[in-house]
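For reference, the structure discussed in these notes is given below.
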Amino acid sequence: MKKQIKGIIPPLLTPFTPEGRVYEKGLRELLEFLIPHIDGLFPCGTYGSGPLMSLEQRKKVAEIVVDQVNGRIPVIIHVGAADTRSTIELAKHAENIGADAVGSIPPYYYSYGQDELFNHYRELLDSVQIPVYLYNNPKVSGNRISPELLARIAELGLAGVKDSSFDLINFYLYRIAVKRANFKFIVGTEAIFLPAAEAGACATISGLANVFPEVMQQLYQAIEQKEIEKAIQLQLRVLEIRKVIKMGPTVPICHSILRIRGVDAGVPKLPFLSISEELEKKVREELSQLGLI
């Protein structure tokens, strides 16, 4: 892979029209808002409403993102789906349109055994030539990837892992389990980016970076420059901002914050609803008190 995976990577929010169609103008506008401050993109994941979209909508989002980015930063398309064949279909499409890599949550809804999960990722890895990242998010998938299973899959050629367990101990256990020198460890939340970076995370896939990419960029720069006291203060600031985006349903609040910031990011997709005027007022007040708007 030519482009280096590092730094701040938003799990890109997907703008929709009120009718539930992908809002292309808003998506392109959002990308241009983000790109100056970030190091990569992870479309069609949790923040991107990937599981809420049809395969054709997901392919459309991937095509728009790859086209608009035009090689400026790496694009890792999330292709995880409830079944193996759909995952492979999305992965092959991502490779064909020029994505730099793909990432995949385990198949969700049903609980699967370790051998079934291993086989799922083996099939995915066999289907494409571009790098594949495993996305561990047991809360939403219902299927935890143990350190032992990650190590088995890594031996098949897995490029790295995005760990969204919110468990720093699990992140450390992943580090211990996978011995390959070129394996990429990515933390799937900005909430613990500083300690995860100290433990070897090369990047964070940060939902907050959808709305305040500048703040996340500052944190990453402080970490890179080993300005630890500054990094600690910025990590605490990130947690203060997270409290605001968690005042209600996170995805609709992010749409609202982008609108407050002057970015036309459309609306969330049903069954998500746009937040109330009352909640948006509270969000605006909190952001103002933090000096963000």
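Taking a ≥ b ≥ c as the square roots of the eigenvalues of the Cα gyration tensor of the stretch 119-277, is the shape rounded (a/c under 1.5), prolate (a/b larger than b/c) or oblate?
Since a/c reaches 1.5 but b/c is at least a/b, the shape of the stretch 119-277 is classed as oblate.
Normalised by the residues of the stretch 129-260, what does the relative contact order come to in percent, with Cα pairs under 8 Å and at least six apart?
It comes to 17 percent, rounded to a whole number.
Below 13 angstrom from the Cβ of Lys184, what's the summed charge of the other residues (Lys, Arg +1; Asp, Glu -1)?
Around Lys184, the surrounding residues sum to +2.
Once amide H atoms are placed 1.01 Å from N in the peptide plane, what residues at a sequence separation of 5 or more from Gly103, or on another chain, have their amide H within under 5 Å of its amide H?
Result for Gly103 returns Ile77, His78, Val79, Tyr133.
Quickly work out the Leu168-to-Leu236 label distance, labels modelled 7 Å from Cα along the C-beta direction, and quote it in nm with one decimal.
About 1.5 nm separates the two model spin labels.
Of the accessible area of the stretch 244-293, with the probe set at 1.4 angstrom, what percent is carbon plus sulfur?
51 percent
Treating the beta-carbon of each Lys and Arg as +1 and of each Asp and Glu as -1, no other charges, what is the dipole magnitude of the stretch 119-179 about its Cα centre, to the nearest 20 debye?
I would put it at about 120 debye.
Determine the dipole magnitude for the chain: charges of +1 sit on the beta-carbon of Lys and Arg, -1 on that of Asp and Glu, nothing else is charged, the reference point is the Cα centre, and the result goes in debye to the nearest 20.
Charge dipole of the chain: 180 debye, to the nearest 20.
Explain nothing, just the number: dipole magnitude of the stretch 1-141 about its Cα centre with +1 on each Lys and Arg Cβ and -1 on each Asp and Glu Cβ, in debye rounded to the nearest 20.
260 debye
Give the distance, in whole Å, between the Cα centre of the stretch 54-126 and the Cα centre of the stretch 243-261.
26 Å
I need the phi-derived Karplus couplings for the stretch 185-194: 6.51 cos²θ - 1.76 cosθ + 1.60, θ = phi - 60°, integer Hz, Gly and Pro marked x.
3J(HN,Hα) across the stretch 185-194, in whole Hz: 9, 10, 8, x, 7, 6, 4, 10, 4, 4.
Given labels modelled 7 Å from the Cα in the Cβ direction, how far is it in nm from Glu214 to Lys282?
A separation of 2.7 nm, rounded to one decimal place.
What lysines could a cross-link reach from Lys184, if we take a straight Cα to Cα line under 18 Å and drop same-chain neighbours fewer than 8 places away?
Counting by Cα, and skipping residues close in sequence, Lys184 has these lysines nearby: Lys2, Lys3, Lys6, Lys162.
Among Val211, Ile223, Val251, whose Cα sits farthest toward the positive end of the charge dipole of the stretch 195-293 (+1 at Cβ of Lys/Arg, -1 at Cβ of Asp/Glu, about the Cα centre)?
Val251
Rounded to the nearest 10 Å², what accessible area does Asp126 have for a 1.4 Å probe in the complete protein model?
Number for this one is 120 Å².
Amide H to amide H under 5 Å from Lys184: which residues, 5+ apart in sequence or cross-chain, H placed 1.01 Å off N in plane?
For Lys184, the qualifying residues are Gly160, Val161.
Hey, can you find the accessible area per residue of the chain for me, probe 1.4 Å, expressed in square angstrom?
Averaged over the residues of the chain, the accessible area is 43 Å².
Got a number for carbon plus sulfur as a percent of the stretch 1-84's accessible area, 1.4 Å probe?
Roughly 51 percent, rounded to a whole number.
Enumerate the amide H contacts of Ala203 below 5 Å, restricted to partners 5 or more residues apart or on another chain; note that Pro and chain-start residues carry no placed amide H.
The list, which skips near neighbours in sequence, is Gly7, Val187.
I'd like the carbon and sulfur percentage of the solvent accessible area for the stretch 94-239, probe radius 1.4 Å, heavy atoms only, ligands and nucleic acids excluded.
Of all accessible area on the stretch 94-239, carbon and sulfur atoms account for 52 percent.
Take every DSSP beta bridge with both residues inside the chain and express the antiparallel ones as a percent of the total, to the nearest 5.
10 percent
From the backbone phi of the stretch 143-149, what are the Karplus-calculated ³J(HN,Hα) couplings (6.51 cos²θ - 1.76 cosθ + 1.60, θ = phi - 60°) in whole Hz, Gly and Pro given as x?
10, 7, 9, 6, x, 5, 5
Which sequence of Lys92, Lys25, Lys3 reflects their accessible areas, 1.4 Å probe, from the largest down?
So, going from the largest accessible area down, we get Lys25, Lys92, Lys3.
Using θ = phi - 60° and the Karplus relation 6.51 cos²θ - 1.76 cosθ + 1.60, list the HN-Hα couplings for the stretch 221-226 in order, rounded to whole Hz, with x at every Gly or Pro.
Per residue, the Karplus-derived 3J(HN,Hα) values read 5, 5, 5, 4, 8, 6 Hz.
So between Tyr109 and Gln225, what do we pick up on full extension, going 0.36 nm a residue minus the alpha carbon distance?
Gain on extension, Tyr109 to Gln225, equals 37.5 nm.
As a test of the formula, what do you get for the chain when each DSSP H run with n ≥ 4 contributes -39,500 (n - 2.57) and the sum is divided by the residue count, at 222 nm and rounded to the nearest 500 deg cm²/dmol?
-14000 deg cm²/dmol
The values are calculated or read from the model by the stated rules, or taken from the named source; none is laboratory data. Owing to the predicted nature of the structure, the values given are computational and were not obtained by experimental measurement. Every residue, glycine among them, receives a Cβ derived from its backbone with ideal geometry; neighbour counts consider all protein chains shown. Surface accessibility is based on the protein's heavy atoms, side chains included, excluding ligands, DNA and RNA. Shrake-Rupley method; radii C 1.70, N 1.55, O 1.52, S 1.80 Å.
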